[in-house]
1. May I ask you to list the residues in segment 75-100 that are part of a loop (DSSP other than H, G, I, E, B) and in contact with a Leu (Cβ under 8 Å, 6 or more places away or on another chain)?
2. List the number of the failed condition for Glu94; all other conditions in (1) modelled with pLDDT of 95 or more; (2) in contact with a Lys or Arg (Cβ under 7 Å, 6 or more places away or on another chain); (3) among the acidic types (Asp, Glu) hold.
3. Checking Asp103 against (1) in a helix (DSSP H, G or I); (2) open to solvent by 30 Å² or more (accessible area, probe 1.4 Å); (3) among the acidic types (Asp, Glu), which single condition isn't satisfied?
4. From the list Gly111, Gly58, which residue is open to solvent by less than 30 Å² (accessible area, probe 1.4 Å), part of a loop (DSSP other than H, G, I, E, B), farther than 21 Å from Val13 by Cα and not aliphatic (A, V, I, L, M)?
5. Please count how many residues of segment 165-201 are in a loop (DSSP other than H, G, I, E, B) and either closer than 23 Å to Gly134 by Cβ or under 16 Å from the mean Cα position of the chain (by Cα) (or both).
6. Which one is modelled with the lowest pLDDT, of the residues in segment 148-201 that are farther than 25 Å from Arg6 by Cα, open to solvent by less than 40 Å² (accessible area, probe 1.4 Å) and small (Gly, Ala, Ser)?
7. Being in a loop (DSSP other than H, G, I, E, B), more than 23 Å from Ala147 (Cβ to Cβ) and touching a strand residue (DSSP E or B) at 6+ places or on another chain (Cβ under 9 Å) is the filter here; which residues of segment 1-37 pass it?
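The values are calculated or read from the model by the stated rules, or taken from the named source; none is laboratory data. Source: prediction; values computed, not measured. Counting neighbours? That spans all protein chains shown, and the Cβs are built from the backbone with ideal geometry, glycine included. SASA here: full protein model, heavy atoms, side chains in, ligands and nucleic acids out. Shrake-Rupley method; radii C 1.70, N 1.55, O 1.52, S 1.80 Å.
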Amino acid sequence: MLTLARIAEAPEVLTRHLESPDGARLVFRPMARTDAESLAAFLTGLSPETRRFSTFDGHDLAAARELCSAIARYDKLRLVLEEEASGGIVGLLEFSLSLPQSDVARYRKAGIHLDEGTDCRFGPTLADEHQGKGLATQVLPLICEVARRLGKRRIILWGGVLADNPRAIRYYEKNGFRTVGSFTGPDGQSSLDMILDIIPR
């Protein structure tokens, strides 16, 4: 079973090359400490709407440096989608291997008992120009592979998905996620909790 320390030492264990549905050649890989400037360009370029749907604390170089400095230090695994030609980051895919008690309590009310040994949180963000083109669907099997190699059997959405984000909800439903309940966040916005059972291989 992979660990965060092992991934940080040998990122090639999760590195994959792919061609997006629109023909762009991409690299799927763990985020590196040297990614701060490229990551800052990605965060800065996100539209206000995409920022609203994301869970980042900031969208500038300081935020990017904080994300990069956290590699192998906490319970987070962050992967990027990088354009081979330009080296620019066009996607950030985040795992959290810890489960907040608020999430555990909400899922318990829905009859689902979460366990950090088998469950993880996940949140994807794609650059605006790569949204709605099938890239997120193409990458999901790679996400499931990562989760399996971390010893996980289920994925829940990090922070849920906003109820007023129908495109994301359709994407998750199409790819096997099921809704287990709804909740209102601290900001007063309504979100859905969704979970995916990973099919063993």
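1. If the condition is that a residue be part of a loop (DSSP other than H, G, I, E, B) and in contact with a Leu (Cβ under 8 Å, 6 or more places away or on another chain), then Asp75, Glu84, Leu97, Leu99 are the ones that fit.
2. (1)
3. (2)
4. Working: Gly111 fails: open to solvent by less than 30 Å² (accessible area, probe 1.4 Å).
Just a single option satisfies the conditions, and that option is Gly58.
5. 7
6. Gly185
7. Restricting attention to segment 1-37, the residues satisfying the condition of being in a loop (DSSP other than H, G, I, E, B) are 1-3, 10, 15, 20-24, 31-32.
Imposing the further condition that a residue be more than 23 Å from Ala147 (Cβ to Cβ) reduces the set to 22-24.
Selection gives Ala24 alone.
To keep it simple, each residue is scored yes or no on (1) over 22 Å from Lys133 (Cα atoms); (2) in contact with a Pro (Cβ under 8 Å, 6 or more places away or on another chain).
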{"residue": "Arg29", "(1), (2)": "no, yes"}
{"residue": "Glu37", "(1), (2)": "yes, no"}
{"residue": "Glu49", "(1), (2)": "no, no"}
{"residue": "Ser54", "(1), (2)": "no, no"}
{"residue": "Gly87", "(1), (2)": "no, no"}
{"residue": "Leu97", "(1), (2)": "yes, no"}
